[in-house]
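To start, the structure under review is shown below, and the notes come after it.
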Amino acid sequence: MPKSVYLLAHPAGHSLSPVMHNAAFHHLGLDIHYAARDVPPEVLAETVMALRDSAVLGANVTIPHKVAVMPYLDRLSETAQAIGAVNTIVNRGGLLIGHNTDAKGFTRALTEVGGLHLQGQVIVMLGAGGAARAILYALLQNDVARVYLYNRTTKKAAALAQNFAPPGKVVIVTEPDLRAALAECTLLINTTSVGMAHDGMDPDISPLPDNLLPERGFVADIVYRPARTRLLRQAEAAGLETQNGLPMLAFQGAESFGCWTGRDAPVEVMLRTLEQALYS
Ligand code: NAP
């Protein structure tokens, strides 16, 4: 019997997940179809209930439902519980289990594509939104040396740090401290949406003031549209190594694929499909 996987989003229009997952299912000859569903908040509960059907393997969950979906699930993985958000649901015989694959997706993208090891890195992380929660969790799991956390709204950064971090591991910085933090860091991560080409947003801005960049190391931007944000272009011009958000998108998808099917995802196919959909 064919199986289904859904994306629960609102709006659902421009997601790349259907094309990525359907390419992966097709590549492995699996009779599974992935479809995006526009789910306004008032029908979230009943939509989640319908995932218990035996023809449904599970779902992805994205904006604005990643936190709101949690009370409707039967169990949460340790990671989803710690991050406080769910991006993947697995239907195990009518029981719904919530996972979060963003943290693992981020780590695998940096290690497997970027060739980077997180342990011992000194990080400057920009942003304190939903993606930042999963990424800060991943950094702390991987025993980084220190995270300097900068966000436009400082109190959100402080709340995020308090949520996770052992005292001293995460240092909140404001704009005057950024220069010193960037001079010390070995890895800069942009988790803000600044620089993204989307719905009238200006893609030609950087989350850092123009005269500031790390002095060495690696710059990761989780924005994937455009392929090279202003931040990444400036970092490349300064001779720094860079990675955009496409590998993270593919690897969080690969981890979700594994949750639903119990099989290793064809990550190369997923990466190639995303590259074609986004940049050709
Ligand atoms: P979010 O929860 O809305 O957080 C947005 C973050 O960006 C906040 O820290 C916010 O700061 C900051 N920000 C927004 N506009 C700003 C501006 N003009 N100046 C300075 N800071 C600004 O969003 P999210 O879900 O974390 O997503 C953030 C980005 O990551 C999006 O571009 C998304 O597409 C991308 N993303 C990529 C992946 C991937 O797999 N590659 C996964 C998830 C997300 P304040 O707190 O001050 O508002």
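Yes or no: the stretch 247-257 includes at least one residue that is in a loop (DSSP other than H, G, I, E, B) and at pLDDT 95 or above.
Residues of the stretch 247-257 in a loop (DSSP other than H, G, I, E, B): none.
The answer is no, given that none of the residues of the stretch 247-257 is in a loop (DSSP other than H, G, I, E, B) and at pLDDT 95 or above.
The set of residues in the stretch 7-29 being within 13 Å of W260 (Cβ to Cβ) and buried (at least 18 other Cβ atoms within 10 Å of the Cβ) consists of L7, S17, H21, A24, F25. Residues that are of a type in the set (V, I, T) and within 16 Å of the ligand (Cβ to nearest atom) were ranked within the stretch 234-280; the one that is surrounded by the most Cβ atoms within 10 Å (Cβ to Cβ) is T273.
Within the stretch 185-216, being in a loop (DSSP other than H, G, I, E, B), touching an Asp or Glu at 6+ places or on another chain (Cβ under 8 Å) and touching a residue at least 40 places away in the same chain (Cβ under 8 Å) holds for no residue.
Checked against (1) in a helix (DSSP H, G or I); (2) within 15 Å of the ligand (Cβ to nearest atom); (3) at pLDDT 95 or above, N163 passes all but a single condition, namely (3). Being open to solvent by 30 Å² or more (accessible area, probe 1.4 Å) and either without any contact (Cβ under 8 Å) to a residue 24 or more places away in the chain or more than 30 Å from V5 (Cα to Cα) (or both) is not true of R225. Report whether or not Y150 is surrounded by 16 or more Cβ atoms within 10 Å (Cβ to Cβ), in contact (Cβ under 8 Å) with a residue 24 or more places away in the chain and under 17 Å from the mean Cα position of the chain (by Cα). No, not satisfied. Can you spot a residue in the stretch 98-116 that is assigned to a strand (DSSP E or B) and not hydroxyl-bearing (S, T, Y)? Yes.
Taken as a whole, the stretch 126-135 holds no residue that is away from the ligand (no atom under 11 Å from the Cβ) and outside any loop (DSSP other than H, G, I, E, B). Of all the listed residues (H198, H117), the sole one being within 26 Å of P247 (Cα to Cα), within 13 Å of the ligand (Cβ to nearest atom) and either surrounded by fewer than 16 Cβ atoms within 10 Å (Cβ to Cβ) or among the aromatic types (F, W, Y) (or both) is H198.
Checked against (1) buried (at least 21 other Cβ atoms within 10 Å of the Cβ); (2) away from the ligand (no atom under 16 Å from the Cβ); (3) at positive phi, C185 passes all but condition (3). Total residues in the stretch 63-84 satisfying the condition of being open to solvent by less than 10 Å² (accessible area, probe 1.4 Å) and in contact (Cβ under 8 Å) with a residue 24 or more places away in the chain: the figure is 3. Checking the stated criteria, D53 turns out not to satisfy the condition of being surrounded by 24 or more Cβ atoms within 10 Å (Cβ to Cβ) and at pLDDT 95 or above. Taking the criterion of being open to solvent by 20 Å² or more (accessible area, probe 1.4 Å) and assigned to a strand (DSSP E or B), the only residue of the stretch 136-147 that qualifies is R146.
The rows are residues; the columns are (1) outside any loop (DSSP other than H, G, I, E, B); (2) touching a Ser or Thr at 6+ places or on another chain (Cβ under 9 Å); (3) at negative phi.
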site	(1), (2), (3)
S4	yes, no, yes
S15	no, yes, yes
E42	yes, no, yes
V48	yes, no, yes
N91	yes, yes, yes
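The values are calculated or read from the model by the stated rules, or taken from the named source; none is laboratory data. Every value quoted in this text rests on a predicted model; they were computed, and no experiment measured them. Positions of Cβ are generated from backbone atoms using ideal geometry, with glycine treated the same way; all protein chains shown enter the neighbour counts. Side chains are part of the model used for accessible areas, which takes the heavy atoms of the whole protein and leaves out ligands, DNA and RNA. Shrake-Rupley method; radii C 1.70, N 1.55, O 1.52, S 1.80 Å.
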